[in-house]
1. Any idea what Rg and Dmax come out to for the range 64-144 if you just take the C-alpha atoms, in Å?
2. In whole Hz, with x marking every Gly and Pro, tabulate ³J(HN,Hα) for the range 42-53 from phi via Karplus 6.51 cos²θ - 1.76 cosθ + 1.60, θ = phi - 60°.
3. Using Cα pairs under 8 angstrom and six or more residues apart, how large is the relative contact order of the range 1-70, in percent?
4. Using each residue's phi in the range 104-120, evaluate 6.51 cos²θ - 1.76 cosθ + 1.60 at θ = phi - 60° and report the 3J(HN,Hα) Karplus result to the nearest Hz, with x for Gly and Pro.
5. Any chance you could run the full-extension gain for Ala12 through Ala85? It's 0.36 nm times the residue separation minus the Cα-Cα distance, nm to one decimal.
6. Between Gln34 and Phe76, what is 0.36 nm times their sequence separation minus the Cα-Cα distance? Round to one decimal in nm.
7. Using a simple charge model, +1 on the beta-carbon of Lys and Arg, -1 on the beta-carbon of Asp and Glu, nothing else, what dipole does the range 66-155 show about its Cα centre, in debye to the nearest 20?
8. Under the definition of Cα pairs under 8 Å and six or more residues apart, what whole-number percent is the relative contact order of the range 83-136?
Amino acid sequence: MSVEIVKNYFDANHINKEILEFPVSSATVELAAQAAGVEPARIAKTLSFYTKEKDAAILIVTAGDMKIDNSKFKHFFGMKAKMLAPEDVEPLTGHAIGGVCPFGNPDTVKVYLDVSMKRFDTVFPAAGSGNSAVEMTCEELEKAARSLEWIDVCK
């Protein structure tokens, strides 16, 4: 189970954050917001895209109320945004759909954080399963996710 991958990742990297495991699904922004008792925008959703070579994943973590702006994505990455096919999500990210998060991924994964989250004191990314999350500041998320940089690719 990939929540165990995240727990092990947190332990190995001395990330002292409590992983919240809910008795209900948190697999969508709306469900996660209900489970965590916060507004949907504070859910840090992790979107997964193919690299140019289509052999690895790019993860972009955004505020829950945002959508990818295709022209901004193309300008930044030099390619059209193509989300991972369902059958490629777990092999390329290490997590199943609904639990994709920026923690404990294969070394080939590139993680970026969208500036849309910076308006909040804390956000709630998933923690490896369809019923988990972790509350973090943006600074904690940046460090824990080993983010390459903050980008602006949402509308």
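The values are calculated or read from the model by the stated rules, or taken from the named source; none is laboratory data. Bear in mind the structure is a predicted one, so any value in this text is a computation, not a measurement. Note that each Cβ is placed from the backbone with ideal geometry, even for glycine, and that neighbours are counted across all protein chains shown. Accessible surface is based on the protein model in full, side chains and every heavy atom, while ligands, DNA and RNA are left aside. Shrake-Rupley method; radii C 1.70, N 1.55, O 1.52, S 1.80 Å.
1. When restricted to Cα atoms, the range 64-144 yields Rg and Dmax of 13.4, 35 Å.
2. For the range 42-53, the Karplus-derived couplings read 7, 6, 8, 7, 10, 9, 10, 10, 6, 6, 4, 7 Hz, x marking Gly and Pro.
3. Result for the range 1-70 is 19 percent.
4. Whole-Hz 3J(HN,Hα) from phi for the range 104-120: x, 7, x, 4, 6, 6, 10, 10, 10, 10, 8, 4, 4, 7, 5, 7, 10.
5. 23.3 nm
6. 11.8 nm
7. Dipole size: approximately 420 debye.
8. Value for the range 83-136: 32 percent.
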